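The values are calculated or read from the model by the stated rules, or taken from the named source; none is laboratory data. As the structure is a computational prediction, the values presented were derived from the model and not from experiment. Quick reminder, even Gly has a Cβ in these numbers, built from the backbone with ideal geometry, and neighbours come from all protein chains shown.
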Amino acid sequence: MDAVPLTQPAHRDVELLAAAAAGRPDAVRWLLDEVAPIVHGFIWARVAGDRAAAEDLLQDTLLAAVASASSFRGDSAVSTWMCAIARHRLARHWDAERRSEVTRSRLRVVADERTDAYDEDGLLQREAVAQALGRLPVQHRQVLVLKYLDGLGVQDIAEQIGRSRVQVQSLLQRARDSLRRELAVDDD
C-alpha cells in the first residue's frame, strides 16, 4: 500500500482527494470509510430516511467529487465540500420528485403505506419523524428540511425554491400541520 505523502496538515484532504480521484486504493478507502459516512448522514436526514434515494444521491455525490477533485482547494474539510455538492444533488432530486408527484397525481390517487407507530424514544422517534416526513408532499418536506435541518431563514428558503417570503411562510405552516397530522396517525 502506498503511503500518502503529506506536506502540511492543511493540504492533507486535498492530497487524499486527488489520490482517490487517481484511483489510489488507500485514498479511495479513506474517501469511502471516513468521508462517505458523514455525507451519507447529511443526505439521509434530508431524504427522510429513504434508503434508496440516500444511496443514489451519495453515489452521485461521490462521482461528482471525484470528477471535480482538482477544483477542491482545501478551504474546508472534504466532507463539508462534498455536503455542498450533495445539497445541489438534493435540490435536483426534490425537483424531480415534485415533477413526478404532479404526474402521479394526474394519473390516479395512491394510498400511503402506513407503518406501525413506535413506542420507544430516541432513535425510534427520529425514525417515526423521518417516515412521517417521507409521506408528506415533496414541497412540504423540502421546506421543513431547509428550515429545521439546514437552519435556513424564510427569505433564504424563498430564494432557494423560487417563491415569495409570504408563500414560504404559508407553505411552512401547511407543512408543519401536515407533519403533525402524519405523526398523529403514527400514534393511533
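Is one or more of the residues making up the range 6-23 modelled with pLDDT of 90 or more, surrounded by fewer than 16 Cβ atoms within 10 Å (Cβ to Cβ), of a type outside the set (Phe, Trp, Tyr) and not in a loop (DSSP other than H, G, I, E, B)?
no
When you look at ALA64, is it at pLDDT 85 or above, surrounded by fewer than 18 Cβ atoms within 10 Å (Cβ to Cβ) and either touching a helix residue (DSSP H, G or I) at 6+ places or on another chain (Cβ under 6 Å) or closer than 30 Å to LEU136 by Cβ (or both), yes or no?
Here the answer is yes, as ALA64 does meet what is asked.
Mind checking which residues of the range 24-43 are basic (Lys, Arg) and in a helix (DSSP H, G or I)? I'd like the intermediate steps shown before the answer.
Start the filter on the range 24-43 by keeping residues that are basic (Lys, Arg), which leaves 24, 29.
ARG29, the sole residue that qualifies.
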